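Just below is one structure, and these are the notes that go with it.
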Amino acid sequence: MSTYSVYIGCSVPANYPNYEASMYKVAELFGLTLEYLEDVACCGSPNLRAMDYWGWTLVNARTLAIADSTEHDIVTPCNGCFGSLKDVYHLLKSDTDYRNRINAELEREGLEFRGTSKPRHFIEVLYTDVGLESIRKKITKPFDGIGIAIHYGCHLLRPGDVTEITPEILSELVRVTGADVVEYALWKQCCGATVLPVDEALAIRLARDKLKSMKDAGAAFATVVCPACCNQLDLQQLGLRESYGEQFDLPILFYPQILGLALGLDEDEVGLGMNRVPAKPILQHFSK
Amino acid sequence: MTEIGEKKELPDVFIDPIDMSELDRGFRKEIQSMPNGEELSACFACSTCTSACPIANIWEIKPHQLIRMIILGIREKVLSSKEIWLCLTCFECQERCPQGVRVTDIFFDCKNLATEEGMIPASIVALGKELIEKGQLYTVTADWEREDLDLEPDVPGLSTDAVKRVLGSTRTGRLVKGGR
């Protein structure tokens, strides 16, 4: 089937090899070839965008230009990288003057942004290119209708005219595994990751409110598709026992871990032991 | 308990009038010339952005007030406000603006202008320093975890030199060196 150029970013490989490995294993099961992009730069995150818009567009345009030369779409598992790449892609596609200025800089590196390789989030590739029907056919260990709350992550969904991603993509992908999607009041709310360097207490409070909303709605598990959101909801959850005296015990799984298990991968193949809040209870929820 | 008819002390002025001489009338155009700032003038102050913001209730200056202040030219107060740096960048405000004003994008523009004038939190400069010195924001600390999953030991495909080279010649480089 298709080949994709993977922009893995720095947070996924550094902090969440379980996300990276489960993405690769799932892709392999569907015959997708994922090739790491070589010689690419860090996306810089929204914090780079805040202090240095020109530098942020330049490093990301450089990555897009390298992807153009591979003639494959560029795929990433990180909402932060996706948001940066897609926003810069959108800017350069719509603003000719800006693109010319960027390309004048890139020429010094022997590169040119053409926009032939489109930045895409891995879940959108699963949804669009593989498709729900093909996924359903390969599910060998469906879940028993267990309730999973989805934290989409802001930069996956918004701004909608830039990301071109709707919430249904992920909710349908969760349902196809046999799990139930738990609706909760704060489903759109931010995890707080971006303000962590500026106001840690605020960031933690946002994560706490989010977890409480999921738990109150009856979620047994939650899923994320971004390493920064996972930091906030999984890792920070451990600290909430002290700061808020609250223990949510809500396991947070990356979506490819959930799909991988339903496709018959074992817990080690999806790195389930690396999730901070123990995620192994999900193994009790296969329907057969 | 207040008796009916009792005279309650009222302030001399309910709303401080704007001193027109202190307005920077070029500020609106400055923002409009920046990426995604074109629609700024379409704001009719409905405050939908403020309603959409998850943390506006802890902001002294609300999102719709910041936008109004930009239009009026209250430049210094906008650029020195702590609120622009507390923006979650969740894009809820921008998504719901009925006038198509790219509110979150405009706050990014404001942060760039504030940075240019040296008004940037030290923690954000520190992230710039990471990018200039290490060429990445996160480094692998537990390579045995990657090994267990048959992944290559370091961040795949990442050129730290490219980050250092590109950002070294832009504002990030100047900022980290201590200049502007």
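The values are calculated or read from the model by the stated rules, or taken from the named source; none is laboratory data. These numbers were taken from a predicted model, which means no experiment stands behind them. Glycine also receives a Cβ, built like all others from the backbone with ideal geometry; neighbour counts cover every protein chain displayed.
Listed values, structure above:
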| quantity | calculated |
| --- | --- |
| Residue check for A:Asp52: facing chain B (nearest Cβ under 9 Å), without any contact (Cβ under 8 Å) to a residue 24 or more places away in the chain and among the acidic types (Asp, Glu) | yes |
| Residue in segment A:74-96 that is touching a residue at least 60 places away in the same chain (Cβ under 8 Å), surrounded by fewer than 20 Cβ atoms within 10 Å (Cβ to Cβ) and out of contact with any Asp or Glu (no Cβ under 7 Å at 6 or more places or on another chain) present | yes |
| Sole exception among (1) touching a residue at least 12 places away in the same chain (Cβ under 8 Å); (2) within 14 Å of another protein chain (Cβ to nearest Cβ) for A:Asp266, by number | (1) |
| Only one of A:Thr63, A:Thr33, A:Thr57 that is surrounded by fewer than 24 Cβ atoms within 10 Å (Cβ to Cβ), at pLDDT 95 or above, among the hydroxyl-bearing types (Ser, Thr, Tyr) and not assigned by TED's automatic domain parsing to the domain that holds A:Gly273 | A:Thr33 |
| Residue check for A:Lys118: surrounded by fewer than 19 Cβ atoms within 10 Å (Cβ to Cβ), touching a residue at least 40 places away in the same chain (Cβ under 8 Å), under 23 Å from A:Met23 (Cβ atoms) and not hydroxyl-bearing (Ser, Thr, Tyr) | yes |
| Qualifying residue in segment B:62-84 (condition: surrounded by 19 or more Cβ atoms within 10 Å (Cβ to Cβ), under 30 Å from A:Thr166 (Cα atoms) and within 13 Å of chain A (Cβ to nearest Cβ)) | yes |
| Residue ID - farthest from B:Cys97 (Cα to Cα), chosen from residues in segment A:163-212 that are within 18 Å of the chain's Cα centre (by Cα), surrounded by fewer than 20 Cβ atoms within 10 Å (Cβ to Cβ) and among the charged types (D, E, K, R) | A:Arg175 |
| Selected residue (criterion: nearest to B:Cys90 (Cα to Cα)) from residues of segment B:26-59 that are away from chain A (no Cβ under 14 Å) and of a type in the set (D, E, K, R) | B:Arg28 |
| One residue from A:Gly160, A:Gly147 being loosely packed, with under 14 Cβ neighbours inside 10 Å, under 21 Å from the mean Cα position of the chain (by Cα) and not polar (S, T, N, Q) | A:Gly160 |
| Helices (runs of 4 or more DSSP H) enclosed by segment A:184-249 - at least 1 residues per element that are within 14 Å of chain B (Cβ to nearest Cβ) | A:200-216, A:227-230 |
| Single residue of A:Gly260, A:Gly264, A:Gly273 found to be closer than 23 Å to A:Ser171 by Cβ and surrounded by fewer than 19 Cβ atoms within 10 Å (Cβ to Cβ) | A:Gly264 |
| Matching helices (runs of 4 or more DSSP H) fully within segment B:73-180 where at least 2 residues are in contact (Cβ under 8 Å) with a residue 12 or more places away in the chain | B:75-79, B:83-86, B:92-96, B:103-116, B:122-134, B:160-168, B:171-177 |
| Condition met for A:Leu283 (within 14 Å of another protein chain (Cβ to nearest Cβ) and surrounded by fewer than 19 Cβ atoms within 10 Å (Cβ to Cβ)) | no |
